[in-house]
Structure formats: C-alpha cells, structure tokens
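Have a look at the structure below, then the notes.
The values are calculated or read from the model by the stated rules, or taken from the named source; none is laboratory data. Not measured: the values here are computed from a predicted model. Cβ coordinates were reconstructed from backbone atoms using ideal geometry, including for glycine residues, and neighbour counts include every protein chain displayed. Side chains included, ligands, DNA and RNA excluded: accessible areas come from the protein's heavy atoms. Shrake-Rupley method; radii C 1.70, N 1.55, O 1.52, S 1.80 Å.
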Amino acid sequence: MMERGKDPNLEIIYQDEVHFQVTTSVTRKWAPIGKQPKIKSKPGKSNISYSGYLSPRTGRLVVTEVNWFNFETVIGSIRDYIKEIDDSFERHLLILDNAPWHRKAARLIRESDEYQDIRDVLEIEFLPPYSPDLNPIERVWRIT
C-alpha cells in the first residue's frame, strides 16, 4: 500500500462512523447565597451518529448523518460520498475498518450487480484487525 500512497492519480479515503452523546453536566453556577439554583436540562442522554470520509492527502472531510450503523447505512453513505468525490483523481481507494457491517457492505458491493455504480468509482480495502490507530479519521472524531 505504500507504493499506492505515492500514486498522484489515486485518492485514498478513510471511512469511519461515530456516535456523539449529549449529556448535561453542571459543575459550577452563579447563584445568590442560600438559594438553590434551578438548571434547565434535557433528562437522559441523546445520541447523534455520523459517517465520515477523510482524504489525508487533500485534508477533505465529508460527513453524513446516519440513524444507525449497519450495512445498508454504510452503502448509503458511500453513495452519498460518491456524489461529493474529488474528480481531480483518476482512482479512489476506500479504506474501512473491520466492523461487521463494513465487511457485509463490501461483500455485497463486490458481488452484486446492484452496486456496480460504486465499483465503477472506487475500490475497497480493509485496515488490519484491531488497528484503529491507523485510521486518521479516528483523530478527527477524538478532536470533535
């Protein structure tokens, strides 16, 4: 893959999903002495999920909101990403981690005529197992 990374006609894109949790946490609040402050907050937790695509070469980040992570949402987000693809590259290589929904989506994309539109635009490969540190989009999620 090192030789591929030097190919000026190849864009390597890393994909990953993330759940962000929104929770209320109050550590300090100004209030008059002797009065209990009232803090309005939403009870419980809420989640928001995203699928992101990062090109380290260009620094381009494309993010789509998804309801949940399964092979259908992966395929849908890949199709959404293809609409935003950088045409200055001749070829595109999508790097996925080894989540079960990624494996199933890749298998379907490779085997089914229904997904020829995706195969025409990009090739799919996987990171080695248990190596999230090799996926640069993980740093984006951590910072976010």
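Place a +1 charge on the Cβ of each Lys and Arg in the chain and a -1 charge on the Cβ of each Asp and Glu, then give the dipole magnitude about the Cα centre in debye, rounded to the nearest 20. Walk me through the numbers before you get to the answer.
Values: 21 positive and 22 negative charges, 318 e Å.
With Lys and Arg at +1 and Asp and Glu at -1, about 1520 debye.
Suppose all protein chains stay in the model; what accessible area per residue would a 1.4 Å probe give for the chain, in Å²? If you can, show how the numbers build up before the last one.
Working: 9750 Å² over 144 residues.
Accessible area per residue, the chain: 68 Å².
So, with a 1.4 angstrom probe, what is the percent of accessible area on the chain that is carbon and sulfur?
Details: 5080 of 9750 Å².
Accessible surface attributable to carbon and sulfur in the chain totals 52 percent.
Between 0 and 90 degrees, rounded to the nearest ten: what's the tilt of helix 100-111 against the longest Cα principal axis of the chain?
30 degrees
Rounded to the nearest 500, what is the chain's calculated 222 nm mean residue ellipticity when only DSSP H runs of at least 4 contribute -39500 (n - 2.57) each, over all residues?
Working: 5 runs with 40 residues, N = 144.
Taken over the chain, the calculation gives -7500 deg cm²/dmol.
If you place +1 on the Cβ of every Lys and Arg and -1 on the Cβ of every Asp and Glu, how big does the dipole about the Cα centre of segment 1-77 come out, in debye to the nearest 20? Write out the running numbers ahead of the final one.
Numbers: 11 positive and 7 negative charges, 198 e Å.
Its charge dipole is roughly 940 debye.
Of all DSSP beta bridges located in segment 30-138, what percent are antiparallel, nearest 5?
Working: 7 of 11 bridges.
Close to 65 percent.
Compute the relative contact order of segment 4-67 as a whole-number percentage, counting only Cα pairs closer than 8 Å that sit 6 or more residues apart in sequence. Walk me through the intermediate numbers first.
Details: 75 pairs, mean separation 24.5, N = 64.
RCO, segment 4-67: 38 percent.
Determine the order of 115, 130 by accessible area, beginning with the largest, at a probe radius of 1.4 Å. Write down the numbers at each step before the final one.
Details: 115 25, 130 220 Å².
Final ranking, largest accessible area leading: 130, 115.
Between 34, 126, 14, whose Cα lies farthest towards the positive end of the dipole of segment 4-144 when Lys and Arg beta carbons carry +1 and Asp and Glu beta carbons carry -1, centred on the Cα centre?
34
Scan (i) 68, 31, 29; (ii) 44, 43, 28; (iii) 53, 36, 27 for the value of Cα extents along the principal axes in Å calculated from this model and give just the label.
(i)
Got the relative contact order for the chain handy, in percent, Cα pairs under 8 Å and 6 or more residues apart?
On the way: 190 pairs, mean separation 39.8, N = 144.
Reported relative contact order: 28 percent.
Does segment 52-96 come out rounded, prolate or oblate, given a ≥ b ≥ c as the square roots of the eigenvalues of its C-alpha gyration tensor, rounded meaning a/c under 1.5 and, failing that, prolate meaning a/b above b/c?
On the way: a/c = 2.11, a/b = 1.85, b/c = 1.14.
Prolate shape, in that a/c is at least 1.5 and a/b is the bigger ratio.
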